[in-house]
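K.L.:
Let me begin by handing over the structure; questions about it come next.
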Amino acid sequence: MNKIGVLLADDHNLIRAGLRLVVESQPDLTVVGEAENGREAVTMAQALKPDVVVMDIGMPSLNGIEATRQIRDAVPGAQIVMLSMHSDEGYVLRALKAGAKAYLLKDSAEADLARAIRAAAAGKSFFSPAVGKVLLEDYMRKLQRSGLEDSYELLTPREREILQLVAEGNSSKEIADLLNLSVYTVETHRARVMQKLNLRGVPELILYAVRKGIVS
Amino acid sequence: MDATPNPDPASSTLRWVLLSVSATLLALLLMSGVLATSILDRMHAQQQAVTHALAARTQMLSGLLLSVQNYNQAVGQFVAQEKADRDEAARQRLDRLTVEIASDLKHYPNDRDPIETAFLDGMEGLFAQQRTLYISVLEAKPDERRRQAQGLISDRTSPLQKQMLGWSEKLRAWNGERLQQADDALTTDFGRLQGGLSRVLTIGFGSGLILVLGSMAYIVRLERQTRGRYVLLARSQHELQQLSSRLVDAQETERRNISRELHDEIGQSLGALLVDIGRLTNALGGDRPEVKAQLDNMKSVAERTVQEVRNIALLLRPSMLDDLGLVAALEWQGREVSRRSEMEVAVESENVPDDLPDEYRICIYRLVQEALNNAVRHSGSRTAKVTVGQSAKGIAVRVSDGGRGFDSRRARGLGILGMEERVKRLGGTFTVESEPGGGAAIVAELPLPPTNGNHS
């Protein structure tokens with residue numbers, strides 16, 4: 001079995017060294033390169049065609065979010081694991097919109113990195129448990145203070161099922177196969193979920209799912 | 001700038017000089033006015049007295065002459081008449097006229113001078129002579145009388161009469177002369193008065209001129225001083241503004257440096273430490289529980305420290321501003337405030353340019369930060385709203401709450417002054433809309449930066 005090739009992008013040597021140790025300690029993972037900033041990460045991704053890029057957000061020259069967008073455009077096969085200090089939804093949502101599959105907090109990187117890399121390589125979502133917790137807290141507080149109802153209650157069991165599958169990174173076709181439904185039906189359910197939850201686009205849907213603890 | 005208690009001693013001296021000159025001038029004018037009035041009064045009284053005396057003398061003199069003439073006529077008639085039975089009546093008439101003449105002479109004003117007295121005495125003497133002559137005539141018999149009379153009148157009385165008339169003429173002339181003298185004295189007096197007044201006027205005019213010149217010099221000097229001070233003030237104000245703007249810049253730069261230092265050095269070292277601890281735990285923890293417990297303890301301490309350092313760094317310089325841009329940073333700020341406080345913050349943004357220069361981003365960010373902090377601390381509101389968008393003038397930022405508000409014309413804390421300062425630095429306008437009980441809103445409008453070039 002082929003090892004998953006990983007490109008590490010972080011502007012701090014110490015962090016990169018730590019990450020490399022974690023990655024190299026896994027038998028199925030290997031580090032194919034290290035980049036010191038976003039611009040370098042884009043160039044190296046184009047040259048090395050890694051399976052996964054572990055990307056720090058705060059980097060000089062070109063930050064991780066922008067670098068992610070460019071890599072997703074130039075090297076569609078490379079999935080991105082975003083590495084950040086922030087569990088704020090502004091970061092999570094923007095990372096998702098840029099095309100990242102996984103979002104890891106640096107605090108827990110060492111524990112979750114291998115799982116995140118594997119999930120991303122398989123095209124699945126992965127989030128640090130702490131991220132979901134923070135997002136949920138924000139969400140619940142908002143609901144409580146504004147006196148609004150949790151729109152999740154409005155979803156039917158089937159819609160919740162599809163919400164989870166979409167959030168996990170499955171395409172409509174995969175979901176249709178999995179649930180034994182037609183692609184058209186899956187698309188209809190998906191549209192209804194988006195409408196009920198007042199969401200625009202898959203990134204917001206994933207964010208919502210992370211917040212509710214549906215995916216992690 | 002050194003603040004001297006007496007900025008210009010020379011000007012204060014000049015002030016005193018001007019004051020005393022004007023006081024002297026005023027006193028001079030007042031004195032000369034009083035003097036002139038009193039002199040004029042005296043002259044007027046003098047003139048009136050002279051006129052009065054002259055009128056009395058003239059009247060008396062004409063009365064005397066009339067009486068003498070009457071007397072002479074009466075004598076003539078008496079002499080000419082032939083009947084003796086009328087003698088008594090004519091004699092009585094003559095006696096009456098004699099008394100009249102004597103009283104006229106006596107009634108001549110008493111304030112007569114020696115010359116006048118000599119004239120009057122002379123006249124009295126002449127009349128006495130005339131009378132003696134007449135009396136001798138009167139004693140005679142009518143026919144003898146007629147004979148004597150002709151000679152008497154032509155030889156003796158006529159010259160006497162003429163002499164008397166001459167004397168009275170002389171007296172009249174003398175009186176006229178006296179009037180002339182009095183007039184001359186008056187004219188001299190008036191001339192003196194005129195001279196005195198013109199002297200006073202000359203002095204007054206001179207000192208007035210000095211006063212005017214001095215005042216002008218004083219005013220010019222004051223004007224120059226004022227202008228100088230104004231320029232100085234404007235310059236120092238400008239310098240102050242520059243200084244405070246530089247202060248803000250320096251503060252931001254310093255914050256950013258410290259934040260980066262914290263994040264890059266301490267944060268990353270701690271991060272690396274955490275990774276190492278994790279690996280150690282994996283390697284050793286399984287076999288030795290006491291080592292694992294210690295490593296876990298180390299890990300939690302390191303994690304807490306990382307969190308602390310991160311919070312401090314974020315407070316100093318929100319990395320979202322660099323990583324995600326202004327809107328994301330404001331949304332993050334809103335959520336942070338919502339998490340920390342009882343106030344729920346909603347952030348709305350529309351058409352905010354992505355390539356705003358850093359000073360604009362940091363200005364708006366700090367503005368919102370300060371306004372939200374104020375709202376949390378003072379408003380008592382449960383909600384706040386941040387709106388950022390494009391307006392006619394550029395970028396408009398509005399932070400409002402539904403709290404208890406304040407009197408925006410009076411209460412202006414350092415926070416608000418700081419916000420205003422930041423906005424003004426970028427040429428924007430800043431307003432506070434609030435009244436007690438009506439919530440509060442701060443509104444800032446920043447003109448768009450001149451060129452949207454290569455700003456990071």
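K.L.:
The conditions are (1) open to solvent by less than 20 Å² (accessible area, probe 1.4 Å); (2) more than 9 Å from chain A (Cβ to nearest Cβ); (3) over 22 Å from A:Leu135 (Cα atoms), and B:Val337 fails exactly one of them. Which is it?
P.N.:
For B:Val337, the exception is condition (3).
K.L.:
While we're on this one: Quick check on the range A:92-106. Is at least one of its residues away from chain B (no Cβ under 12 Å), out of contact with any Gly (no Cβ under 6 Å at 6 or more places or on another chain), free of Cβ contacts under 8 Å to residues at least 60 places away in the same chain and farther than 21 Å from A:Gly132 by Cα?
P.N.:
no
K.L.:
Would you check if A:Gly5 is under 21 Å from A:Arg115 (Cα atoms) and either open to solvent by 80 Å² or more (accessible area, probe 1.4 Å) or out of contact with any helix residue (DSSP H, G or I) (no Cβ under 6 Å at 6 or more places or on another chain) (or both)?
P.N.:
Yes: the conditions hold for A:Gly5.
K.L.:
Within the range A:60-78, can you find the residues that are at the interface with chain B (Cβ under 9 Å from one of its Cβ atoms) and in contact (Cβ under 8 Å) with a residue 40 or more places away in the chain?
P.N.:
Within the range A:60-78, A:Gly64 is the sole residue that qualifies.
K.L.:
Another question about this same structure. Looking at the range A:123-162 only, could you name the residues that are more than 14 Å from every other protein chain (Cβ to nearest Cβ) and open to solvent by 70 Å² or more (accessible area, probe 1.4 Å)?
P.N.:
A:Pro129, A:Glu149, A:Glu153, A:Leu154, A:Pro157, A:Arg158, A:Arg160, A:Glu161
K.L.:
Same structure, new question: Can you go through A:Ala114, A:Ala102 and tell me which one is of a type in the set (A, V, I, L, M, F, W, C), closer than 30 Å to B:Asp296 by Cα, modelled with pLDDT of 90 or more and buried (at least 20 other Cβ atoms within 10 Å of the Cβ)?
P.N.:
The match here is A:Ala102.
K.L.:
Can you say whether B:Arg288 is within 14 Å of chain A (Cβ to nearest Cβ) and surrounded by fewer than 12 Cβ atoms within 10 Å (Cβ to Cβ), as far as the supplied structure shows?
P.N.:
Criteria not met by B:Arg288.
K.L.:
Something else about it: With respect to A:Thr43, determine if the residue is over 22 Å from B:Gly271 (Cβ atoms) and in a strand (DSSP E or B).
P.N.:
no
K.L.:
Next question. Picking from B:Gln294, B:Gln268, which residue would you name as being of a type in the set (S, T, N, Q) and away from chain A (no Cβ under 13 Å)?
P.N.:
Testing whether each residue is of a type in the set (S, T, N, Q) and away from chain A (no Cβ under 13 Å) leaves just B:Gln294.
K.L.:
Which one is nearest to B:Ser32 (Cα to Cα), of the residues in the range B:161-178 that are in contact (Cβ under 8 Å) with a residue 24 or more places away in the chain and open to solvent by 60 Å² or more (accessible area, probe 1.4 Å)?
P.N.:
Only one residue tops the list, namely B:Arg178.
K.L.:
Might you check whether a residue that is hydroxyl-bearing (Ser, Thr, Tyr) and in contact with an Asp or Glu (Cβ under 9 Å, 6 or more places away or on another chain) occurs anywhere in the range B:147-157?
P.N.:
Checked the range B:147-157: no residue is hydroxyl-bearing (Ser, Thr, Tyr) and in contact with an Asp or Glu (Cβ under 9 Å, 6 or more places away or on another chain).
K.L.:
Right, something else. Considering only residues that are in contact with a strand residue (DSSP E or B) (Cβ under 9 Å, 6 or more places away or on another chain), over 17 Å from A:Leu83 (Cα atoms) and within 12 Å of chain B (Cβ to nearest Cβ), which ones fall in the range A:1-34?
P.N.:
A:Glu24, A:Gln26
K.L.:
Continuing with this model, one more query. I need the full set of residues from the range B:184-211 which are open to solvent by 70 Å² or more (accessible area, probe 1.4 Å) and among the charged types (D, E, K, R), in order please.
P.N.:
Listed by number, the residues that qualify are B:Asp184, B:Arg192, B:Arg199.
K.L.:
Is there a residue in the range B:217-231 that is within 14 Å of chain A (Cβ to nearest Cβ), part of a helix (DSSP H, G or I) and not charged (D, E, K, R)?
P.N.:
no
K.L.:
The conditions are (1) more than 14 Å from chain A (Cβ to nearest Cβ); (2) open to solvent by 60 Å² or more (accessible area, probe 1.4 Å); (3) closer than 21 Å to B:Gly428 by Cβ, and B:Ala371 fails exactly one of them. Which is it?
P.N.:
(2)
K.L.:
Ok, one more. For the range A:161-213, which helices (runs of 4 or more DSSP H) that fit wholly inside it have 3 or more residues that are more than 17 Å from the chain's Cα centre (by Cα)?
P.N.:
Because the criterion is at least 3 residues that are more than 17 Å from the chain's Cα centre (by Cα), the helices (runs of 4 or more DSSP H) in the range A:161-213 that meet it are A:172-179, A:183-197.
K.L.:
Another one. (1) in contact with a Leu (Cβ under 6 Å, 6 or more places away or on another chain); (2) within 14 Å of chain A (Cβ to nearest Cβ); (3) under 30 Å from B:Gly418 (Cα atoms); (4) of a type outside the set (Phe, Trp, Tyr): which one isn't true of B:His263, the others all being true?
P.N.:
Checking B:His263 against (1) in contact with a Leu (Cβ under 6 Å, 6 or more places away or on another chain); (2) within 14 Å of chain A (Cβ to nearest Cβ); (3) under 30 Å from B:Gly418 (Cα atoms); (4) of a type outside the set (Phe, Trp, Tyr), the one that fails is (1).
The values are calculated or read from the model by the stated rules, or taken from the named source; none is laboratory data. Predicted model only: the values in this text are computed from it and were never measured. FYI the Cβ positions are ideal-geometry reconstructions off the backbone, even for glycines, and counts take in every protein chain you see. For accessibility, only protein heavy atoms count, side chains too; no ligands or nucleic acids. Shrake-Rupley method; radii C 1.70, N 1.55, O 1.52, S 1.80 Å.
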